[in-house]
Amino acid sequence: MITVKYFATLRSLAGKDEDQFSMGSETTLVNLSHEISKTIPKIGEMILGKKVMVSVNLNVISLDAIIKDGDEIAILPPFSGGI
Amino acid sequence: MSTTIDSNIRIQQENFNVTDEIEAIKNASKNIGGITTFLGTGRELSKGENISKLNFEHYPKMAEKKLAEIRLQAIKEYGIIEMIIIHRIGEIDIGENIVLIVAASEHRKETFKACEWAIAELKRTTPIWKRETTSTGEVWVQDTP
């Protein structure tokens, strides 16, 4: 299973903290985005439109990155830490 | 609650004491001759709206990892001796401390540069998000100067 975490405004949009997806032994971020779009179209669009960053196991990745079973994905809206 | 990679990188709910942190960084080396601090605090006015409360959320582990990378890069690239970075999360009232960066070195010049670079890098790379409460409701801030 792939765990997908939603933060800040995206958690409000998703209505939950995280999702679990079964995508076989490996897939791409593009394919995962399409899967997310089935239930939360706006978030899928934001990933594919590069409006948000995505991390795999705490490292930021690009759209063509490979995602493996057991990975932790986080969908990261623009940061606003500091002041 | 406080999550830590090392004692110089902290993300915590509780307030911090700036004087205590300055004293702590002095212990890093007897060669320290200059210390610069950047302290970010909760301000009341944002984009013309009165803010009554702030709330910060982070991505645990990744946020600490990014702050640790910023500290190490600041030490390496600016030649400073030590850096402390603390960011608070959870509910924060107007006027309260939010973020502290302390840079220490032999001389002043590199501490100013390292401090300025570190807060900009924190805002650019660290998964921390701010929610502002105004009279019209709550909003997640998505762009900060």
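Readers should treat all values here as calculations from the given coordinates under stated rules, not as data from a laboratory. No experiment lies behind these values; they were computed from the predicted model shown. Heads up, the Cβs are rebuilt from the backbone with ideal geometry, glycines too, and the neighbour counts pull from every protein chain shown.
Of note:
- For region B:125-145, the candidate set comprises residues that are within 30 Å of B:GLY34 (Cα to Cα) and more than 7 Å from chain A (Cβ to nearest Cβ); within that set, the residue that is surrounded by the most Cβ atoms within 10 Å (Cβ to Cβ) is B:THR125.
- For B:ILE22, the stated conditions do not hold, so it cannot be described as part of a loop (DSSP other than H, G, I, E, B), surrounded by 15 or more Cβ atoms within 10 Å (Cβ to Cβ), more than 14 Å from chain A (Cβ to nearest Cβ) and among the aliphatic types (A, V, I, L, M).
- Scanning region A:46-83 for residues that are more than 8 Å from every other protein chain (Cβ to nearest Cβ) and either over 19 Å from B:THR126 (Cα atoms) or touching a His at 6+ places or on another chain (Cβ under 7 Å) (or both) turns up A:MET46, A:LEU48, A:GLY49, A:LEU63, A:ASP64, A:ALA65, A:ILE66, A:ILE67, A:LYS68, A:ASP69, A:GLY70, A:ASP71.
- Within region A:13-42, being surrounded by 14 or more Cβ atoms within 10 Å (Cβ to Cβ), within 14 Å of another protein chain (Cβ to nearest Cβ) and not in a strand (DSSP E or B) holds for A:LEU13, A:ALA14.
- When B:SER7, B:SER52, B:SER29 are checked against the criterion of being of a type in the set (Ser, Thr, Tyr) and part of a strand (DSSP E or B), B:SER52 stands alone in meeting it.
- Any hit, region A:47-68, residues being part of a helix (DSSP H, G or I) and crowded, with 20+ Cβ neighbours inside 10 Å: yes
- Single condition B:THR36 does not satisfy, out of (1) part of a strand (DSSP E or B); (2) away from every other protein chain (no Cβ under 14 Å); (3) of a type in the set (S, T, N, Q); (4) within 24 Å of A:PHE79 (Cα to Cα): (4)
- Given (1) facing chain A (nearest Cβ under 9 Å); (2) farther than 24 Å from B:GLU23 by Cβ; (3) among the aliphatic types (A, V, I, L, M); (4) surrounded by 15 or more Cβ atoms within 10 Å (Cβ to Cβ), index of the condition B:LEU54 fails: (1)
- Scanning region B:97-116 for residues that are within 14 Å of another protein chain (Cβ to nearest Cβ) and of a type in the set (A, V, I, L, M, F, W, C) yields B:ILE98, B:VAL99, B:LEU100, B:ILE101, B:CYS115.
- Of the candidates B:ILE86, B:ILE94, the single residue that is in a loop (DSSP other than H, G, I, E, B), touching a residue at least 40 places away in the same chain (Cβ under 8 Å) and within 13 Å of another protein chain (Cβ to nearest Cβ) is B:ILE94.
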